[in-house]
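Chemist: Below you will find the structure I want to go over with you.
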Amino acid sequence: MDILIKILGAVATIIIAFVVGMLYGGLNRKVTARVQNRVGPPFWQNYLDAFKLVSKKTSIHHGVMQHLGPAFLMVSSIGTLLFIPILKGNNWFPNLSFHGDLIFLLYLMVFGSLGLALGAGQTGNPNSAIGVTRGLSQMVGFEIPWVMALVAIMIQYHTTSIADIMHVQEVHGWLMFQKPFAFIAAILAMFGMFRYSPFDIVGAPAELASGPVSEFGGKYLGLMMSSGSIFAFVKLTLYTDLFLGGASNFIELLVKTFLLYMIPVSYGLVSPRYRTEQAVRYFWGWPSFFGLLAILYSVIF
């Protein structure tokens, strides 16, 4: 019975992540439209788009790796999701969380992007190749402050378990206030993770025809859209667990994740797109500086 509950909880986790991620993406499109003095699509448009794409057929095939690229992206999103605690003290959503998962997640989170890069590269489309190059360059940029923030937390509390870090916050308060330098570095790195303006250099529709996804349509694009929504929920939940003490119920989880989500969205609404070298230089500037301060603080105090 316990195994059945865990399986059902894992399935429910995936469904919730898909629904919430799609909802946030739809709200982003709506908010962006209103800021630009447009009406914009309804917030449920993303659900319609995903189901429409999945129902379509595609006749473009460039090889096995093109098929595997979107699959790698989905496996990475769902795999990462199942290793993150969703709610505190809830038997339905323990998933696969274990001691040491924070280091494991650092590797698992980049697995999908590397798989997609291989799939997009096999299509032979120059727009895909340029988008992949930009994406990997930007990843090198924002991974540095992101890892620095996590290393500072692991040094301070001598654990790599997300569950243990959440327990620390129950005693000492949110790490947002206990480790402000790490929090700032992680938030600044988040801009690159979500790839909203000014860091939307990977897709850049006006330049690259959406970049890596140029040759992906139909079910491929629907799968990539769904995995992107799930991964958005993953990143927001991970930030909530690490810096905001996690959540005891879904209302609290939605409030915290939505507030975090609006940070890169709001920044993107007022920022023009960077060039690749500008984006990398940005992440190696102030975000890395705050990450270094966070590590020094953890070592000294």
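Derivation of every value follows stated rules applied to the coordinates shown; laboratory data play no part. Keep in mind the model is a prediction, meaning the values are calculated, not measured. When we count neighbours, we look across all protein chains shown, and the Cβ atoms used for this are built from the backbone with ideal geometry, even at glycine.
Chemist: Which of T240, T276 comes first, and how do the rest follow, when ranked by fewest Cβ neighbours within 10 Å?
Modeler: Ascending number of Cβ neighbours within 10 Å: T276, T240.
Chemist: Another one. If only Cα atoms are counted, what is the Rg of the range 258-301, and what is its Dmax, in Å?
Modeler: 14.1, 39
Chemist: Still on this structure, please answer the following. Please state the equivalent ellipsoid semi-axes for the range 161-273: what are the square roots of 5 times the Cα gyration tensor eigenvalues, largest first, in whole Å?
Modeler: The three semi-axes for the range 161-273 are 31, 17, 11 Å.
Chemist: On the first, second and third principal axes, largest extent first, how far apart are the outermost C-alpha atoms of the chain in Å?
Modeler: Principal extents (Cα only, largest first): 56, 51, 41 Å.
Chemist: For N249 and V19 in the same chain, what is the full-extension length gain: residue separation times 0.36 nm, less their Cα-Cα distance, in nm?
Modeler: 81.2 nm
Chemist: If you keep only loop residues by DSSP, which chymotrypsin sites (Phe, Trp or Tyr not before Pro) in the range 47-148 have at most 16 other Cβ atoms within 10 Å of their Cβ?
Modeler: Taking the range 47-148 and a limit of 16 other Cβ atoms within 10 Å, the loop chymotrypsin sites (Phe, Trp or Tyr not before Pro) found are W92, F98.
Chemist: Using 0.36 nm times the number of residues separating H167 and W284, minus their current alpha carbon distance, what extension gain do you get? Don't skip to the answer; put the middle values down first.
Modeler: Working: separation 117, 0.36 × 117 = 42.12 nm, distance 3.16 nm.
Taking H167 through W284 to full extension adds about 39.0 nm, to one decimal.
Chemist: Go from 0 up to the bin containing the longest alpha carbon distance in the range 94-216, width 5 Å each, and give me the % of pairs per bin.
Modeler: In order of increasing distance, the bins hold 2, 11, 17, 18, 16, 12, 10, 8, 5, 2, 0 percent.
Chemist: Determine the gain in length on full extension of the stretch R34-A12; use 0.36 nm per residue of separation and subtract their C-alpha separation, reporting nm with one decimal.
Modeler: Full-extension gain reported as 4.6 nm.
Chemist: Still on this model: Which one of P205, T276, H61 has its Cα pushed farthest toward the positive end of the charge dipole of the chain, where Lys and Arg give +1 and Asp and Glu give -1 at the Cβ?
Modeler: About the Cα centre, the residue reaching furthest to the positive side is P205.
Chemist: Turning to a different aspect of this structure: Take the Cα coordinates of the range 1-95, assign each an equal point scatterer, and use the Debye formula without solvent to give log10 I(q)/I(0) at q = 0.25 Å⁻¹.
Modeler: Here the Debye-derived log intensity ratios amount to -1.18.
Chemist: Another question, then. By counting other Cβ atoms within 10 Å of each Cβ, how are R134, R281 ranked from fewest to most? Working shown, then result.
Modeler: Working: R134 25, R281 12.
Ordered by Cβ neighbours within 10 Å, fewest first: R281, R134.
Chemist: Now, a different point. Stokes-Einstein diffusion coefficient for the range 76-128 at 10 °C in a medium of 1.306 mPa s, Rh from the Kirkwood formula over Cα pairs: what value in µm²/s?
Modeler: Values: Rh = 12.9 Å.
It comes out at roughly 123 µm²/s.
Chemist: Please go through the range 1-76 and write out the trypsin sites (Lys or Arg not before Pro) that DSSP classes as loop and that have at most 11 other C-beta atoms within 10 Å. Don't jump to the answer; show the numbers that get you there.
Modeler: On the way: sites: K6, R29, K30, R34, R38, K52, K56, K57; in loops: R38, K56, K57.
Within the range 1-76, the qualifying trypsin sites (Lys or Arg not before Pro) (loop, at most 11 other Cβ atoms within 10 Å) are R38, K57.
Chemist: Give me the tail of P(r) for the range 1-57 as a percent: Cα-Cα pairs with distance above 12 Å.
Modeler: In whole percent, the share of Cα-Cα pairs in the range 1-57 beyond 12 Å is 71.
Chemist: Let me ask another. Within the chain, how many Lys pairs that are eight or more residues apart, or on different chains, come under 16 Å at the alpha-carbon? Working shown, then result.
Modeler: Numbers: K6/K88; K52/K219; K56/K219; K57/K219; K88/K256; K235/K256.
Lysine pairs meeting the criterion: 6.
Chemist: For a quick check: sort H62, H158, H172 by the number of other beta carbons within 10 angstrom, fewest at the front.
Modeler: By the 10 Å Cβ count, ascending: H158, H172, H62.
Chemist: Report, in debye and to the nearest 20, how large the dipole of the chain comes out about its Cα centre when Lys and Arg carry +1 and Asp and Glu carry -1 on their Cβ. List each step's numbers first, then the result.
Modeler: Values: 18 positive and 12 negative charges, 169 e Å.
Its charge dipole is roughly 800 debye.
Chemist: Just tell me, in residue order, which DSSP H segments of the chain are both 24 angstrom or longer along the helix axis (alpha-carbon based) and at least 1.6 in mean Kyte-Doolittle hydropathy. The partial results should precede the final answer.
Modeler: Details: long enough: 2-35 (48 Å, 1.38); 64-82 (27 Å, 1.32); 101-122 (32 Å, 1.62); 126-157 (46 Å, 0.90); 219-243 (36 Å, 0.93); 250-269 (28 Å, 1.52).
Within the chain the helices that satisfy the rule are 101-122.
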